[in-house]
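The values are calculated or read from the model by the stated rules, or taken from the named source; none is laboratory data. Here the structure is a predicted model, which means the values were calculated and not measured. Cβ sites come from the backbone with ideal geometry, for glycine too, and all protein chains shown count toward neighbours.
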Amino acid sequence: MSSSTGNILEIHDLHVEVEGKELLHGINLAIPEGQVHALMGPNGSGKTSLMMTIMGFSAYKVTRGQIIFDGRDITGLSVTERARLGIAIAQQRPPTIVGVKLRAVLDYIVAHDSISAEEVTQLVRQARVENFLDRDINAGLSGGEIKRAELVQLLATCPRFSMMDEPESGVDLDSLALVGSLVNRLFVRDSCRPVRRRSGLIVTHTGHILKYIEADRAHIMLDGRIGCSGNPHLVLQTIAERGYAECVCCMNEGA
Amino acid sequence: MAKSLNTVDVVAPDEVQTLADVGVQIRPDEPQVRAGTYVLRDHLPLCVQTYREGLEMMPIAEALRRYDWLRERYYWKLISPDQDEVTRQVAAEAEPQGYFIWVRQGTRITRPAQAGLFISHEGLSQKLHNVVVLEDDTELHLITGCTTGRAVRSGYHLAVNEAYVGANATLTFTMVHSWGPEVIVRPRAAVAVGDHSHYINNYVSLRPALDIQSNPRTYLNGVRATAKYMTVILGSRGSIIDTGGEVWLNGEDSGAELVHRGVCTGGKMYQRGFLVGNARCRAHVDCAGMLLDPGEDGFIESVPGLRSFHPEAQMSHEASVGKVAPEQVEYLMSRGMEEHEAISMIIRGFLDADIEGLSAELDARIGEIAALAGHGERK
Ligand SMILES: Nc1ncnc2c1ncn2[C@@H]1O[C@H](COP(=O)(O)OP(=O)(O)OP(=O)(O)O)[C@@H](O)[C@H]1O
Ligand SMILES: [Mg+2]
C-alpha cells in the first residue's frame, strides 16, 4: 500500500516551535517509499527537532504546515498512532525511566506485535544488550550501549519508516560494525514486487554509518531550514572539504 | 487446631471475589496455598481454619476465655485503651471482636496465613482488636485483607492491632485495603520486636476510602532487630489518606528502612515516616510521591522525620514529589503503547523501584494500582 505520489513521507512548509521559540522555519521534504535519506547539518540546526516532530512528541508544536505519511495527514495524530502506522525513532538522547526495564518494553512488543519471544531473544543476543535487559531503561548506559538498546527496540517493531538520530556517535570503531549491521537489518527488503527496502531518515555528522547503509539522498539542515539536497557522497565530500560555511553562502545566494 | 466448616462453604461467591481482590483466597485447595484462614463479616466470624501444627487462629474473645496469659502479657499492653478516641471505642465493646493469632515456639511457616475482614452492610462500624503473638524461633506471613462489599459506600473500620515478635523470629504483615468511597478507616497498630528478629510491614491501599489514618508503630527492642515498611498508596479525588509509620530503635544495632510510595490522582495524601533513635542503629526513611492529575486541591505532603537520643544513631531521610514526565510517556508510546499503558508502566516502575523480594501478593496489587492510575490519567 503506497500513496499515489509514491512518497512514504512528505513534509510541507513545516514550522515548529519549542517553548514558544520557532526552531524549524518551513521545512519541505519528500522521501519516496523504499528510500533512505541522510540528514546532515551543524549542531543546533534542528535535525533532532525535525525527527521528534515527525514522531509527534508534544514538546514540538507544529504551528504551520503538514506531515503526510503514506498519503495520510498525520500532523494531528498521537505518538501511539504514528508508531502503529509504522513510524519509529532511535533517539539521540532517550530518557531514562526509573524502574522500567528494557525487558518490560520488549515484552510489551512481543505481546502486541508480530515478533516472537524467540526472535527477540536472538535479537538481544546479536545486539549484545543482554546485560542491561534488567536495568532501568537507558540508565547508566554508555553512548554505544544506548544506540544498541534503541536499535533492538526498533528492530523488534519492524517499522515501515525508521528515523535514527546519530546512530554512530559515541560508538567505537569495533562496535560500529555491529551497529552498522543492525541498522542495515532495519532496512532489509520489505517487498519483492517491486523489490524494495524499508524507508528511513538518518542523522549523521560523519557519514560513517553510510558505509553500512546506502543512502539515496542527503539533505543539509541549516538554522531550521533544509539548505540543499543531493547525492549523499557528493554532499559528504563537499562538507568534508569545505565545511558548512560553503552551504551557508550557497543558501544565501539562493535566497 | 480449630475446626469448623470448610471456608468455601460459608463464604458467598461474590464475597469470595471481594476477598480475593484484597489477597484473601477462599478456595477448595486453600490448605495448599495458605497456612490458615480467618474471615470476619461485619460482626460475625464466618470461618476460622488452621492447616498447620503450631499455628493457632481464633476469635479474640475465645482466646481471652481460653488463655489467661493473653490478658496478662499481651492484651492492651502495647497500646493503651485511652490513647485516643479510636482505642476508647474499641475498648468500650462489651465483647471484643477481632482475631488472635499465635505461632508457637520453633514453628516456621512459609505459606501465608490470611485474615479477611469485611463490611457487607451500609454504614456498619467494625471495631476490632487483633493480637498476634510469635514466640521465639518462629516465622509467619500474615495477609490481612480489609474491604467492603461491592455495593457498600460507607462504614467505619476501627482497629487496634498489637503484635509481639519474640527472638529469632520474622513476622511479615501484609495489609491490603480496598474500601468503599465513604468509609472511615482507623487502624491503630503497635509491634514489639525482640532480639535478632525482623518485622516487615507492607501496606497497600487500592480503592481509597474517604479517610484513612494508618501509622503503625514498631518498637525494635531487641539487639539487631529490624523493621522494614513498604507503603503503597493510590489516592483519589475526595480522599484523605495519612499513612506511613513510626519505628523506635531501642535495641543495639537495630535497623529500619521505611519506604513510602504514593500516587495521587486527587485528594489529600500524607506520607509519613518517623524514626526515633534510642541506641546505636541505622535507619532510613524514603518517601516518594507522584502527582498524576491531582485536580484543583489534590496534594501530596511528605513528612519524613527523625528524632535522635543517641549519638550513634545513624538516621537519614529523603523525600521527593514529582510527576510523570511527558517525554517518558511519549518515549514508550513511540514503541506502540497507548498513553495509559505507558503511564501504567512508569507508575509500576516508580512503585517497584528499590523494593527487592516483593511477594507475589504485593506484586499483583502494585500492578493493579499502576493499571488504575494509568486509566485515571486518560480522562
Ligand atoms: N526542549 C528545548 N527547549 C529549548 N530549546 C530547544 C529544545 N530542543 C531543542 N532546542 C533548541 O533548538 C535548536 C535545535 O536543536 P536540535 O536538537 O534539533 O539540533 P540538532 O541539529 O539535532 O543538533 P545536534 O547536531 O547538536 O544534535 C537548538 O538551538 C536547541 O538548543
Ligand atoms: Mg540532534
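In table form, for the structure just shown:
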item	result
Restricting the stretch A:139-161 to residues that are within 14 Å of another protein chain (Cβ to nearest Cβ) and within 16 Å of ligand 2 (Cβ to nearest atom), the residue that is modelled with the highest pLDDT	A:Glu150
Filtered residue count, the stretch B:198-224, keeping only those that are under 15 Å from B:Ala163 (Cα atoms), over 17 Å from the mean Cα position of the chain (by Cα) and free of Cβ contacts under 8 Å to residues at least 60 places away in the same chain	2
Residue within the stretch B:226-243 that is among the hydroxyl-bearing types (Ser, Thr, Tyr) and touching an Asp or Glu at 6+ places or on another chain (Cβ under 6 Å) present	no
Candidates A:Leu39, A:Leu50, A:Leu14, filtered to the one that is within 16 Å of ligand 2 (Cβ to nearest atom), touching a strand residue (DSSP E or B) at 6+ places or on another chain (Cβ under 9 Å) and assigned to a strand (DSSP E or B)	A:Leu39
Residues of the stretch B:111-145 that turn out to be farther than 18 Å from B:Gly166 by Cβ and assigned to a loop (DSSP other than H, G, I, E, B), as a count	7
Positions within the stretch A:106-138 being of a type in the set (Val, Ile, Thr) and more than 8 Å from chain B (Cβ to nearest Cβ), in sequence order	A:Val110, A:Ile115, A:Val120, A:Thr121, A:Val124, A:Val129, A:Ile137
Meets criteria (modelled with pLDDT of 95 or more, in a loop (DSSP other than H, G, I, E, B) and surrounded by fewer than 20 Cβ atoms within 10 Å (Cβ to Cβ)) for B:Gln89	no
Number of positions in the stretch A:19-36 that are within 19 Å of A:Leu234 (Cβ to Cβ) and either within 16 Å of ligand 2 (Cβ to nearest atom) or among the polar types (S, T, N, Q) (or both)	1
Pick from the stretch A:47-59, criterion near ligand 1 (Cβ under 8 Å from one of its atoms) and more than 24 Å from A:Leu234 (Cβ to Cβ), ranking: surrounded by the fewest Cβ atoms within 10 Å (Cβ to Cβ)	A:Ala59
Any chance A:Ile97 is of a type in the set (A, V, I, L, M), more than 16 Å from ligand 2 (Cβ to nearest atom) and either closer than 30 Å to A:Asn231 by Cβ or touching a Ser or Thr at 6+ places or on another chain (Cβ under 6 Å) (or both)	no
Single condition B:Ile101 does not satisfy, out of (1) out of contact with any Phe, Trp or Tyr (no Cβ under 9 Å at 6 or more places or on another chain); (2) within 19 Å of B:Thr172 (Cα to Cα); (3) of a type in the set (Val, Ile, Thr)	(1)
Residue, farthest from ligand 2 (Cβ to nearest atom), within the stretch A:53-66, restricted to residues that are farther than 19 Å from A:Leu201 by Cα and touching a residue at least 24 places away in the same chain (Cβ under 8 Å)	A:Arg64
Among (1) within 26 Å of the chain's Cα centre (by Cα); (2) more than 19 Å from B:Gly367 (Cβ to Cβ); (3) not hydrophobic (A, V, I, L, M, F, W, C), the one test that B:Arg261 misses	(2)
Which listed residue is in contact (Cβ under 8 Å) with a residue 12 or more places away in the chain, more than 14 Å from chain A (Cβ to nearest Cβ) and of a type in the set (D, E, K, R), from B:Glu296, B:Glu339, B:Glu312, B:Glu330	B:Glu312
Count - residues of the stretch A:26-52 that are on the phi > 0 side of the Ramachandran plot and in contact (Cβ under 8 Å) with a residue 60 or more places away in the chain	4
Members of the stretch A:48-68 found to be more than 14 Å from chain B (Cβ to nearest Cβ) and either β-branched (Val, Ile, Thr) or within 18 Å of the chain's Cα centre (by Cα) (or both), listed by number	A:Leu50, A:Val62, A:Thr63, A:Ile67, A:Ile68
One residue from B:Ile184, B:Ile109, B:Ile119 being closer than 18 Å to B:Val24 by Cα and surrounded by fewer than 24 Cβ atoms within 10 Å (Cβ to Cβ)	B:Ile109
The stretch A:16-46, residues that are away from ligand 1 (no atom under 14 Å from the Cβ), surrounded by fewer than 20 Cβ atoms within 10 Å (Cβ to Cβ) and of a type in the set (S, T, N, Q)	A:Asn28
Every residue from the stretch A:88-105 that is within 8 Å of chain B (Cβ to nearest Cβ), within 13 Å of the chain's Cα centre (by Cα) and part of a strand (DSSP E or B)	A:Ala88, A:Ile89
When residues of the stretch A:129-158 are limited to those that are without any contact (Cβ under 8 Å) to a residue 40 or more places away in the chain and basic (Lys, Arg), the one surrounded by the most Cβ atoms within 10 Å (Cβ to Cβ)	A:Arg148
Entirely in the stretch A:171-219, the strands (runs of 3 or more DSSP E) that have 1 or more residues that are modelled with pLDDT under 90	A:189-192, A:195-197
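Here's the yes/no breakdown for (1) polar (S, T, N, Q); (2) at pLDDT 95 or above:
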| site | (1), (2) |
| --- | --- |
| A:Ser3 | yes, no |
| A:Ile8 | no, yes |
| A:His15 | no, yes |
| A:Glu19 | no, yes |
| A:Ala30 | no, yes |
| A:Leu39 | no, yes |
| A:Thr53 | yes, yes |
| A:Ser58 | yes, yes |
| A:Ile68 | no, yes |
